[in-house]
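One structure is given below, encoded as structure tokens.
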Amino acid sequence: MQNTVIELKELTRRYGDFTAVRSLNLSVHKGEIFGLLGPNGAGKSTTILMMLGLTEPSSGKALVAGLDPARNPLEVKRRVGYLPEDVGFYDNRTGLENLLYTGRLNGIPEKEAQARAHNLLKKVGLSDAAHKKTSTYSRGMRQRLGLADVLMKQPEIIILDEPTSGIDPQGLRFFLELLRTLRKEEGLTILFSSHHLQQVEQVCDRVGLFVQGQLRACGSLQELSEQWLKRPNGALEEVYNCILAHQLETEKL
Amino acid sequence: MNTIKIPLPSSRPALGAGPFGAMIQKEMADHLRSWRFLLLLGLLVLTCLGSMYAALSSFSSLPPSELAKMEFFFLKLFSISDGSLPSYAIFIGFLGPLLGIALGFDAINSEHNNGTLSRLLSQPIYRDYVLHAKFLAALAISAILLFSLTIVVSGWGLLALGIPPGADEVLRILMFTLLTIAYISLWINLAILFSIVFRQTSASALGSLSVWLFFSVFFNMLIDVVAKHLAPKQFLSEAQAVAFQNFVLNLLRFNPIHLFNEATNIVLMPSVRSTGALTMEQISGTLPGALPVGQSLLMIGPQLTGLFASTIVLFALGYFLFMRREVRSR
């Protein structure tokens, strides 16, 4: 029996006539890397916002670490780290100062925050740039600083929204490797949204496929391959194309 | 071994402590480090020097016999001028809105455009902390600035005149400073509201500046036109004329700038006993003289209430819009 840390039940979010997320049921287990996969505008970001209590669901319920983010957003945010897409920092401050500010917002004592920040900067390979203003950081460095920022509060769960967009291949490899180490060493649960199939395939234990606000498929790559391609060891790309083709067919009918 | 259980805080922590204190500190530091602040400081210092010079030179141009008759000598430092430059009170009334707008116009939208707002809101803080911290930091900065200016003007005046202010003059100067801070907080809230409504910082700056321009130039013109149309062809009695005059004055009072000017006049000029028109009947039998501080304070009650009410309305509007908004990354 696996521990469920994120559970979504019939989660729906409508904007006027448009339904961004439709009757979503999903559970993420403790200590796994879960990939949310789907084209742009499939409702991945909206789902993430609802998990953090940054927007309210129109109907349905989310449970994150056993808490309802619509009712108890503060406690959820204390336990969940969120790295938004294209994260920003206070550009007139250094990387270290940005991390320390996050520490203060989380009520971490100053000494402890200093130690954590230095430790994390080392982990993400930014020790040398710690005292440089973040305006001088490259895209890849910002993304890594973002990961360090998320880890400042020592979360149980981290949610990353398109964390790899715009990073070069080398930076990407480092970033994905970092995620794997984090999971192994700290037992973190990681939810990772992306539209890059290969990246998701590389690091995720299970994936959920989003198309037009609905979860089309969910499971490990092995399971998905058997379910959709009727053979083991299919590539994620094949599964994805198969599901999209299936979607098109049902739309025609 | 005994384990010590640390109780979790059950309610919101005190506003000055913890994350909220850190946010205010950061906002204030941001203001102090910015070029914008240095520019404003320079402008205010120039104002202060210019109006002091004008006030002192008007003192020295008066004949000694006039000077001897003058009451509230020290207060005049703030309200008198030789005509070459506006007085300190007029200058501050003019620059106050600019200061408030400059401190608030990019409060929320710059956070959003830099992508820091969604990162900030994913931390365990209440959403209204962001708004409160922005407002309080701007308020604290303007309060510090104005108090220092007041002290500089008073100190310089003391040196130049050699006459110490009386107790009620000190009280009136204090009241004037507090009044100005309240007035600036109105403009801070207006600017913050625009920074929530508009995504572009330039749009919100222009928006707040045009509101300021509207009230400082066009509003009074508009009322003038309206008054001319509404005025009866001929007044039947004196009471009617006074009533009409007061009606027009009340229309003017929808303008926060007018409210502030009225209140300033009452506070800085103890001889002002009414803001509206009076009939001969009402005036007859009064002896010209200065009002005590308490009476002046009573007189500006309505003006203060009006200023505070509009500040609260602006703040509440911004609060409503901000709390309901879905914050996405940039």
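Closer than 22 Å to A:D86 by Cα, at pLDDT below 85 and crowded, with 19+ Cβ neighbours inside 10 Å, is that true of A:I167?
Judged against the criteria, A:I167 is a match.
Can we say A:R104 is within 11 Å of chain B (Cβ to nearest Cβ), in contact (Cβ under 8 Å) with a residue 40 or more places away in the chain and not small (G, A, S)?
Working: within 11 Å of chain B (Cβ to nearest Cβ): yes; in contact (Cβ under 8 Å) with a residue 40 or more places away in the chain: no; not small (G, A, S): yes.
No; evaluated as a whole, the condition is false for this residue.
Quick check, is B:L136 in a helix (DSSP H, G or I), within 14 Å of chain A (Cβ to nearest Cβ), among the aliphatic types (A, V, I, L, M) and closer than 24 Å to A:T102 by Cβ?
no
Among the listed residues A:S165, A:S138, A:S193, which satisfies the condition of being among the small types (G, A, S) and touching a Leu at 6+ places or on another chain (Cβ under 9 Å)? Outline the logic, then answer.
Values: A:S165 fails: touching a Leu at 6+ places or on another chain (Cβ under 9 Å); A:S138 fails: touching a Leu at 6+ places or on another chain (Cβ under 9 Å).
Step by step, each of A:S165, A:S138, A:S193 is checked, and only A:S193 is among the small types (G, A, S) and touching a Leu at 6+ places or on another chain (Cβ under 9 Å).
Against the definition (within 23 Å of A:R216 (Cα to Cα) and more than 13 Å from chain B (Cβ to nearest Cβ)), how does A:P39 come out, yes or no?
In short, yes.
Would you say B:E326 is over 30 Å from B:E71 (Cβ atoms), in contact with a helix residue (DSSP H, G or I) (Cβ under 9 Å, 6 or more places away or on another chain) and either more than 14 Å from chain A (Cβ to nearest Cβ) or without any contact (Cβ under 8 Å) to a residue 12 or more places away in the chain (or both)? Give the derivation first.
Details: over 30 Å from B:E71 (Cβ atoms): yes; in contact with a helix residue (DSSP H, G or I) (Cβ under 9 Å, 6 or more places away or on another chain): yes; either more than 14 Å from chain A (Cβ to nearest Cβ) or without any contact (Cβ under 8 Å) to a residue 12 or more places away in the chain (or both): yes.
Against the criterion (over 30 Å from B:E71 (Cβ atoms), in contact with a helix residue (DSSP H, G or I) (Cβ under 9 Å, 6 or more places away or on another chain) and either more than 14 Å from chain A (Cβ to nearest Cβ) or without any contact (Cβ under 8 Å) to a residue 12 or more places away in the chain (or both)), B:E326 qualifies.
Please go through (1) of a type in the set (D, E, K, R); (2) farther than 30 Å from B:L193 by Cβ; (3) within 14 Å of chain A (Cβ to nearest Cβ) for B:R273 and return the number of the only condition it doesn't satisfy.
(3)
Checking A:N92 against (1) within 9 Å of another protein chain (Cβ to nearest Cβ); (2) crowded, with 19+ Cβ neighbours inside 10 Å, which single condition isn't satisfied?
Here A:N92 meets the rest and fails (2).
Would you check which residues across segment B:98-125 are more than 7 Å from chain A (Cβ to nearest Cβ) and in a loop (DSSP other than H, G, I, E, B) and list them?
B:F105, B:D106, B:A107, B:I108 - these are the residues of segment B:98-125 that are more than 7 Å from chain A (Cβ to nearest Cβ) and in a loop (DSSP other than H, G, I, E, B).
Tell me which residues, restricted to segment B:248-264, are surrounded by 14 or more Cβ atoms within 10 Å (Cβ to Cβ) and free of Cβ contacts under 8 Å to residues at least 60 places away in the same chain. Steps first, please.
Within segment B:248-264, the subset surrounded by 14 or more Cβ atoms within 10 Å (Cβ to Cβ) is B:248-249, B:251-253, B:255-264.
Scanning segment B:248-264 gives B:V248, B:L249, B:L251, B:L252, B:R253, B:N255, B:H258, B:L259, B:E262.
Restricting to segment A:1-22, name every residue that is more than 16 Å from A:S59 (Cβ to Cβ) and touching a residue at least 24 places away in the same chain (Cβ under 8 Å).
A:Q2, A:N3, A:T4, A:V5, A:I6
Take B:G306 and tell me if it is crowded, with 18+ Cβ neighbours inside 10 Å, within 14 Å of B:L179 (Cα to Cα) and out of contact with any His (no Cβ under 9 Å at 6 or more places or on another chain). Show your work before the answer.
On the way: crowded, with 18+ Cβ neighbours inside 10 Å: yes; within 14 Å of B:L179 (Cα to Cα): yes; out of contact with any His (no Cβ under 9 Å at 6 or more places or on another chain): yes.
Judged against the criteria, B:G306 is a match.
Inspect all residues belonging to segment A:132-146 and state whether any of them is more than 14 Å from chain B (Cβ to nearest Cβ) and among the polar types (S, T, N, Q).
yes
Yes/no matrix, rows are residues, columns are (1) crowded, with 19+ Cβ neighbours inside 10 Å; (2) within 14 Å of chain B (Cβ to nearest Cβ); (3) out of contact with any Phe, Trp or Tyr (no Cβ under 7 Å at 6 or more places or on another chain):
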site	(1), (2), (3)
A:E7	no, no, yes
A:Y15	no, yes, yes
A:T19	no, no, yes
A:V28	yes, no, no
A:L52	yes, yes, no
A:P57	yes, yes, yes
A:G60	no, no, yes
A:V76	yes, yes, yes
A:E85	yes, yes, yes
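Kindly check whether there is at least one residue in segment B:77-85 that is without any contact (Cβ under 8 Å) to a residue 24 or more places away in the chain, under 24 Å from B:A182 (Cβ atoms) and not polar (S, T, N, Q).
No, segment B:77-85 contains no residue that is without any contact (Cβ under 8 Å) to a residue 24 or more places away in the chain, under 24 Å from B:A182 (Cβ atoms) and not polar (S, T, N, Q).
Listed residues B:F91, B:F147; which is surrounded by 16 or more Cβ atoms within 10 Å (Cβ to Cβ) and away from chain A (no Cβ under 14 Å)?
None of the other options fit; the residue is B:F91.
The values are calculated or read from the model by the stated rules, or taken from the named source; none is laboratory data. No experiment lies behind these values; they were computed from the predicted model shown. A quick note on method: Cβ atoms are made from the backbone with ideal geometry, for glycine too, and the neighbour counts reach across all protein chains shown.
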